[in-house]
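Take a look at the structure below.
The values are calculated or read from the model by the stated rules, or taken from the named source; none is laboratory data. On a predicted model such as this, the values are computed, not experimentally measured, just so you know. Don't worry about glycine lacking a Cβ; one is built from the backbone with ideal geometry, like all the others, and counts go over all protein chains shown. We work out accessible area using only protein heavy atoms, side chains counted, and drop any ligands, DNA or RNA first. Shrake-Rupley method; radii C 1.70, N 1.55, O 1.52, S 1.80 Å.
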Amino acid sequence: MATKVSGTSNTRFKQDERRRDSDHVSFLKHRRFRWLWIALVLSGISIAGFVLIDQEPRPNGGTWYGYTLGTIGLGLIIWLSLLGVRKRRINPGAWSLKAWTSAHVYLGLSLIVIGTLHTGFQIGWNVHTLAYVLMLLVIATGIYGVIVYATLPASLSANRKEMTRAQMLDALTAIDRQLESAAQPLGRADADWVIAALEQDTFHGGALGRLTGRYPRCATARALKGMAGSSGAVDRVIALLEKRRDQLTQIRGALRIRALLEIWLFIHIPLTIALIAALTAHVISVFYYW
Amino acid sequence: MAFLIRTIDFTAAGREIIRDRVVEQTALTIGRAAECDIHLPDLAVEQRHVRIDRQPDGTLAVEALGTLGFGLDGRVVTQGIIDPHTGGEIALGAARLAVAREGDDTIAITIRQIAADEGKGDALRGFALASALPSKRAMSWIFAGAILLALLMVPVASHLLRDPVKNDPETIVPGQVVMDAAWSAGALSLKHHELEDNCESCHVAAFESVQDETCISCHEGLGDHAKPTRLAGGMAPLSSGDALQWRIGEALGKEGPLGCVSCHSEHEGPVRQKPASEAFCSDCHDALDTRLTDTALANAHDFGKEHPQFRPAFYASFGAAKPVRASPDTKPIERSGLKFPHDVHMDARGGAARMALSLPDYGQPLECKDCHSLTADKISFKEVTMEDSCEGCHSLVSGRTASGAFSNLRHGDVKDLAEDLARINPAPRPALASGRTRPGQFARGGAYAANFGRPMRAYIGLSNALSPGGICTECHLPTTKQGRPDLMPVNLPDRFLTSGFFTHEAHRKEECTDCHAADTSKAATDLLIPDLKSCRDCHLGATAVKTKKIVPSDCAMCHAYHVPSGQWSPKGKAPHYSPAPAPDKTTIAALFGQAKP
């Protein structure tokens, strides 16, 4: 009995260990690249079929092989787009989100092969090529997403210097409060510079500013440039404005990394939905004008 | 060396109360305990939380006295330095202590209570890129909606609501369906280019494949390669993938592998229709006899390797209405109704050559082109006419006209001949009386002399001309028609090879006698059409290696699918095929169909 109990607990321990181990394995390496291999085999079979099967009168989406590739591709695209649904369903079951994500990445990449072979290399200004190009854009943004998810988070924490985002904003608020009181003795012109710097939205600059890290209309930088006078009060305000600028630089560094991390989703998701619409138009139009 | 401690509070009415006190020390303690220099009644603050020390260099060292840190310029630390010149802010619980130099030697510490920051979560949201871009959901709806509307709903709606127009190849009308150009998988072939904006001319009904009936509505009278049942029977079996596709396709209304569009696939770019490949033909014609066991056609799959012997069409009996076909191997005998030994005429040292040399129109021995000239299509030869080709030597001169020129017997119709002979050979008119003649111009040979004699000798002359040994029988075969002497009608087909296409233009560098054994032919009964072997000297199948002599030749070089005797041509005007005249067009055969030798 005791043996049995220890046996079960041993198994349980092993299971838990395995789960704990797997918790720290990247979705790319999930199960020793299982989905990478599946995707490679799928692509290999597709290419071999394309080369070996005699497609009359010429290879394109209208041969039986073309229809087969198209059906596989359509099924894959629909399934891949369901990742957004899957990740919102947190419930038990034999469907690991990591496995699903791993399959999403690798099967998504195999779509480059399947989709391209389905076109038969016939490209034009039409709804069919629109669907193909949208698919390629979605895949390209996905590749970008995988790369930035693997590389950028390290620089994100390096930029933080042990500060949370809330602390960064608090620090700015603290500097602002000091600026406000330090600026009391200033003249009209200099006070206006300070007001402009204080009034500007912390997140000013828009998406382009975030992505490039360039803020040509930054009021703090302008105030630093514009401040004239050499009294002690002005010196103190300039010192505080410099602190403010440094704090803004840190916040903007975080914004830039965050933007680079997130921008692909703003293309990936809407283009996926656009792709599904274009695929609908593609499939219906092909059979409408059969 | 003093600290100015300034506390700012608010009354219930919101009025500010400012209390200043000066502490003459070099260090301060801050905490909840009453004995601290700055007492903060806030549970979030330790009893003795922070100590501020003035350093010799004028800066302030701030240090947590317990394990709990404090906020310094927004950052949580356990110790830090404040330069009083720029100042700093210490956060302890809800209190904010602004530290700054005031005057020369005084450090002002301004204590202010701040309200709990409720909007902090919202502020943090600003870090997400979503705060600077339109929402993904909105973009998705806009993109998907625009695509579905412009590329699906608009074309479908305008197709369903259009007013169908009957196709007419003479007038090209623009299509009524809007935005369906976006559905086109590629440009149409050059011949269909004008239909580029009129998709519905071919795609007539929704979800219905292009029907043969629609193609035929313009391409009227296009020949069938064979009867559909024979075509279906002769087809090589489909691959399982193709068979499945056709089964599904036919179940959904496609017209099967024998429909127009299964071979004539469109939207392949602005090109001309390509000739059928050798494989396209040999798919069926290789081992055709195993599928169509009763077929009269021999198998063919490669001109150099397997192709049946030619079977030229010719008239095997005199005046036959229909030509027959036979292989050159069987030494066929042609009954054209003519006598014509080619060898005599072509012998450079023979009598014909000598005659030609003496005539200014020739000046040299006879050549093929002296009699045979190509038709405009460069495939066949024009009919040889007696007047142009033979009469130079085989003269029909019958006398002199009054003006002194030669008069000829007319050629071509026995009736004309009889008239002409009657004119030259009237029976002499009996004399008025012995020893007497008519006077002057009325005398025999005078301008007004008239011969009213019976035309007896004319008939004898005609009979002589048409009988063996007569002038006509130099070239023609004598016969009788309704009891009267006549000639066998000349009966030659316009085209000998009727199921294929041969252009003499492409072979003009060859000598005629390289292929046609005319120089050794002793009689007009020889059929001088070359055999398969002589073509294979140069022409081998499509897979043959091209050399200076060998021309790889696919089926389409000589055969066409819809018009067997036409040839697919990559250039020029429509149609792609030059249709040959039907073999039974020869009118002479029909006119003299019943003549017998």
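Return yes when A:Arg252 is facing another protein chain (nearest Cβ under 10 Å) and crowded, with 20+ Cβ neighbours inside 10 Å and no when it is not.
So A:Arg252 does not fit the description; no.
Can you tell me which residues in segment A:27-75 are more than 30 Å from B:Gly259 (Cα to Cα), outside any helix (DSSP H, G or I) and open to solvent by 50 Å² or more (accessible area, probe 1.4 Å)?
A:Phe27, A:Lys29, listed by residue number.
Any idea which of (1) more than 7 Å from every other protein chain (Cβ to nearest Cβ); (2) under 30 Å from A:Ala254 (Cα atoms); (3) hydrophobic (A, V, I, L, M, F, W, C); (4) surrounded by 14 or more Cβ atoms within 10 Å (Cβ to Cβ) is the one B:Leu195 doesn't satisfy?
Every condition holds for B:Leu195 apart from (2).
Considering only residues that are farther than 16 Å from A:Tyr132 by Cα and either facing chain B (nearest Cβ under 10 Å) or at pLDDT 95 or above (or both), which ones fall in segment A:49-67?
A:Gly49, A:Ile53, A:Asp54, A:Gln55, A:Glu56, A:Pro57, A:Arg58, A:Thr63, A:Trp64, A:Tyr65
If we scan segment B:289-302, do we find a residue that is closer than 30 Å to B:Lys191 by Cβ and in contact with a Cys (Cβ under 7 Å, 6 or more places away or on another chain)?
No, segment B:289-302 has no match at all.
Check segment A:217-229 and report whether any residue there is within 11 Å of chain B (Cβ to nearest Cβ) and either more than 37 Å from the chain's Cα centre (by Cα) or touching a residue at least 24 places away in the same chain (Cβ under 8 Å) (or both).
Looking for residues that are within 11 Å of chain B (Cβ to nearest Cβ) and either more than 37 Å from the chain's Cα centre (by Cα) or touching a residue at least 24 places away in the same chain (Cβ under 8 Å) (or both), one finds none in segment A:217-229, hence no.
From the list B:Asp242, B:Asp224, B:Asp197, which one is under 28 Å from B:Cys284 (Cα atoms), charged (D, E, K, R), out of contact with any His (no Cβ under 6 Å at 6 or more places or on another chain) and free of Cβ contacts under 8 Å to residues at least 60 places away in the same chain?
B:Asp242
Condition check ((1) more than 9 Å from chain A (Cβ to nearest Cβ); (2) over 14 Å from A:Leu130 (Cβ atoms)) across all residues:
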position: B:Ser140; (1), (2): no, yes
position: B:Val154; (1), (2): yes, yes
position: B:Leu160; (1), (2): yes, yes
position: B:Ala181; (1), (2): no, no
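Listed here are the residues, each with its yes/no results for (1) open to solvent by 50 Å² or more (accessible area, probe 1.4 Å); (2) more than 14 Å from chain A (Cβ to nearest Cβ); (3) under 22 Å from B:Arg272 (Cα atoms).
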position	(1), (2), (3)
B:Leu151	no, no, no
B:Ala157	no, no, no
B:Gly186	no, no, yes
B:Lys191	yes, yes, yes
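What is the one condition in (1) farther than 28 Å from A:Arg258 by Cβ; (2) at the interface with another protein chain (Cβ under 8 Å from one of its Cβ atoms); (3) in a loop (DSSP other than H, G, I, E, B) that B:Phe127 does not satisfy?
Of everything listed in (1) farther than 28 Å from A:Arg258 by Cβ; (2) at the interface with another protein chain (Cβ under 8 Å from one of its Cβ atoms); (3) in a loop (DSSP other than H, G, I, E, B), B:Phe127 misses just condition (1).
Residues are listed down the side, and each one gets a yes or a no for (1) open to solvent by less than 60 Å² (accessible area, probe 1.4 Å); (2) at negative phi; (3) touching a Phe, Trp or Tyr at 6+ places or on another chain (Cβ under 7 Å):
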residue: B:His372; (1), (2), (3): no, yes, yes
residue: B:Ser380; (1), (2), (3): yes, yes, no
residue: B:Glu383; (1), (2), (3): no, yes, no
residue: B:His394; (1), (2), (3): no, yes, no
residue: B:Gly399; (1), (2), (3): yes, no, no
residue: B:Ala405; (1), (2), (3): yes, yes, no
residue: B:Asn408; (1), (2), (3): no, yes, no
residue: B:Val414; (1), (2), (3): yes, yes, no
residue: B:Asp420; (1), (2), (3): yes, yes, no
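Going by what's in this entry, would B:Glu220 be described as in a helix (DSSP H, G or I), open to solvent by 30 Å² or more (accessible area, probe 1.4 Å) and out of contact with any Ser or Thr (no Cβ under 9 Å at 6 or more places or on another chain)?
Against the criterion (in a helix (DSSP H, G or I), open to solvent by 30 Å² or more (accessible area, probe 1.4 Å) and out of contact with any Ser or Thr (no Cβ under 9 Å at 6 or more places or on another chain)), B:Glu220 does not qualify.
When both residues are 6+ apart or on different chains and their Cβ atoms are under 9 Å apart, which pairs have a first residue that lies in segment B:391-403 and is hydroxyl-bearing (Ser, Thr, Tyr), and a second that is assigned to a loop (DSSP other than H, G, I, E, B)?
B:Ser398/B:Leu409
Which numbered condition trips up A:Gly187, out of (1) away from chain B (no Cβ under 11 Å); (2) surrounded by 15 or more Cβ atoms within 10 Å (Cβ to Cβ); (3) at pLDDT below 95; (4) in contact with a Gly (Cβ under 8 Å, 6 or more places away or on another chain)?
Single failed check for A:Gly187: (2).
Before we move on, is B:Glu255 in contact with a Ser or Thr (Cβ under 8 Å, 6 or more places away or on another chain), surrounded by 15 or more Cβ atoms within 10 Å (Cβ to Cβ) and in contact (Cβ under 8 Å) with a residue 60 or more places away in the chain?
Answer is no for this residue.
Just give me the residues in segment B:1-27 being of a type in the set (Lys, Arg) and either under 18 Å from B:Ala100 (Cβ atoms) or open to solvent by less than 90 Å² (accessible area, probe 1.4 Å) (or both), in sequence order.
Hits for segment B:1-27 are B:Arg6, B:Arg19, B:Arg21.
Against the conditions (1) more than 21 Å from A:Glu180 (Cα to Cα); (2) part of a strand (DSSP E or B); (3) in contact with a Ser or Thr (Cβ under 7 Å, 6 or more places away or on another chain), where does B:Ile111 fall short? Just the number, please.
So the condition that B:Ile111 fails would be (1).
What pairs come up if the first residue lies in segment B:55-68 and is free of Cβ contacts under 8 Å to residues at least 24 places away in the same chain and open to solvent by less than 80 Å² (accessible area, probe 1.4 Å), the second is hydroxyl-bearing (Ser, Thr, Tyr) and part of a loop (DSSP other than H, G, I, E, B), and their beta carbons are under 7 Å apart, counting only those six or more places apart or on different chains?
Pairs found: B:Ala64/B:Thr78.
Across segment B:267-291, which residue is farthest from the other protein chains (Cβ to nearest Cβ) among those that are surrounded by fewer than 17 Cβ atoms within 10 Å (Cβ to Cβ), of a type in the set (A, V, I, L, M) and farther than 18 Å from A:Gln55 by Cβ?
The extreme case among them is B:Ala287.
Can you name every residue in segment B:233-270 that is closer than 17 Å to A:Tyr67 by Cα and of a type in the set (Val, Ile, Thr)?
B:Ile248
Could you look through segment A:190-216, keep only residues that are polar (S, T, N, Q) and out of contact with any helix residue (DSSP H, G or I) (no Cβ under 6 Å at 6 or more places or on another chain), and pick out the one that is nearest to the other protein chains (Cβ to nearest Cβ)?
Only one residue fits best here, namely A:Thr202.
I'd like the residue in segment B:300-339 that is among the acidic types (Asp, Glu) and touching a residue at least 40 places away in the same chain (Cβ under 8 Å) and, out of all such residues, is farthest from B:His559 (Cα to Cα).
B:Glu334
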